[in-house]
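A short write-up of the structure that comes next.
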Amino acid sequence: MLKRRQTLQGLMASALVPAGFAYADAGAAALTLMVAGPEGQQTSRWGNALALAMAPGFPGAPAVLTQAEGGLDGVTGANRLDALVMPDGKTAAILPGAALIAWLTNDSRVHFDPTRWLPVLGGMNSGVLVARLAPGAAPDLATLRQMAPLRLAVSTPQSNDLAALLALGRLRVPTAPVFDLRSADARASAFAAGEVDAVFVCGENVPEDVAPLVANGGAVFFGLGVETGSRQIGPDPLFPNVPDAIAFGRGAQSPLDNAYYAAAAAARLDFLMVLPKLSDPAALALWRQSGDAGMAAPALAAAADASAITLVGAPMVQDSLAAMNLAQPDQHNLLAFLEQHFGWQPG
């Protein structure tokens, strides 16, 4: 974990400045990038790198100043974005996908609506389910059902693990979550000790975190895939031979389908950059243009590659946000599923 953090910080800090970017024009008014998360943490590091990479793309190459707000899950920052940020095009926000999970699960702290945000860019990560595989067995649905109730390592239902819980629910695989396993190291240790049967690996550096699980008898059963359009899922380039959760279930339908699509879209988003609702279209176009140019910076691309993150433009982020707009019956199905199966209610 330390090594990859050092790699990311080093690439961002040392390589971005010499990449030929102009320094800020003293006469150009500074812009602000609000970071929904603590200074120095994951979203903050991406925010700092993107601010530096994007600045030359704006007229006059103004400084893009970052401003950290709130905790790791991004809820406080997202609330501030909707309540206090003026839609004048001078301030954008970068948030973790975790804020979208809080929205989906009706967290009482949520006072924002991500379906009305205007996307600039995002960072997409992988997500795969690794389960223990007996010699001679196949990583298929029948094997998962034979292992039921599947002891799944889970942080909380209000995390990226929501996508795995819903995927298994719609596949009719009974699950017995082992909660409060939050870090990759804690999950790998529990899997190696035989305390859990499966781990959903999602976020940055997924291939690196999958390796120790496979070394201890695990196999990748299914993944989130890559969203190629609204409800169109393609293979993950990092796991090209792994079916997504829908294909793994042979396309069978479930009342949980829309909730799963929403949770999977949120789990795929490592971070997203947006402008507040009602922002000026011309300002939005400038942010998107500068974002596209910044993502092409060699140092930023190297940092994304080192973290197994795919940088994407506004259209793919827009598809993810559209998936958040659940109809009332789908929202009810989601919350009822969590309460009935795991005794969980929104806090």
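Residues are listed down the side, and each one gets a yes or a no for (1) over 22 Å from Q41 (Cβ atoms); (2) surrounded by fewer than 24 Cβ atoms within 10 Å (Cβ to Cβ):
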| site | (1), (2) |
| --- | --- |
| D107 | no, yes |
| V110 | no, yes |
| T115 | yes, yes |
| G122 | no, no |
| A131 | yes, no |
| P135 | yes, yes |
| R145 | yes, yes |
Per the filter on region 286-303, residues among the charged types (D, E, K, R) and over 13 Å from G89 (Cβ atoms) are D292
Would you confirm whether any residue within region 180-196 is surrounded by fewer than 23 Cβ atoms within 10 Å (Cβ to Cβ), among the acidic types (D, E) and within 26 Å of N106 (Cβ to Cβ)?
yes
With D270, D209 as the choices, which residue is part of a helix (DSSP H, G or I), surrounded by 20 or more Cβ atoms within 10 Å (Cβ to Cβ), at pLDDT 95 or above and of a type in the set (D, E, K, R)?
D209
Within region 112-156, can you find the residues that are more than 25 Å from L238 (Cβ to Cβ) and assigned by TED's automatic domain parsing to the domain that holds T43?
F112, D113, P114, T115, R116, W117, L118
Taking the conditions exactly as written (at pLDDT 95 or above, touching a helix residue (DSSP H, G or I) at 6+ places or on another chain (Cβ under 6 Å) and surrounded by fewer than 22 Cβ atoms within 10 Å (Cβ to Cβ)), does A293 satisfy them or not?
yes
When both residues are 6+ apart or on different chains and their Cβ atoms are under 7 Å apart, which pairs have a first residue that lies in region 310-336 and is within 14 Å of T115 (Cα to Cα), and a second that is of a type in the set (F, W, Y) and part of a helix (DSSP H, G or I)?
A323/Y261; M324/W103
In this structure, does P255 turn out to be in a helix (DSSP H, G or I), more than 22 Å from the chain's Cα centre (by Cα), of a type outside the set (V, I, T) and farther than 22 Å from A49 by Cβ?
no
Please work out which residue is nearest to A263 (Cα to Cα), limiting yourself to region 296-320 and to residues that are surrounded by 23 or more Cβ atoms within 10 Å (Cβ to Cβ) and among the polar types (S, T, N, Q).
S320
Tally time: how many residues in region 235-281 are among the β-branched types (V, I, T), farther than 29 Å from M34 by Cα and touching a residue at least 24 places away in the same chain (Cβ under 8 Å)?
1
Return the pair list, or none, for Cβ contacts closer than 7 Å from residues in region 283-308 that are closer than 19 Å to L238 by Cβ to residues that are surrounded by 18 or more Cβ atoms within 10 Å (Cβ to Cβ) and of a type in the set (S, T, N, Q), at least 6 apart or on different chains.
A304/T310; S307/N205; A308/N125; A308/S126; A308/N205
Which of the residues that make up region 201-222 are under 11 Å from N125 (Cα atoms) and of a type outside the set (D, E)?
V201, C202, G203, N205, V206, P207
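The values are calculated or read from the model by the stated rules, or taken from the named source; none is laboratory data. Note that this is a predicted model, so its numbers are computed, not measured. All Cβ positions, glycine included, derive from the backbone under ideal geometry; neighbour counts span all protein chains shown.
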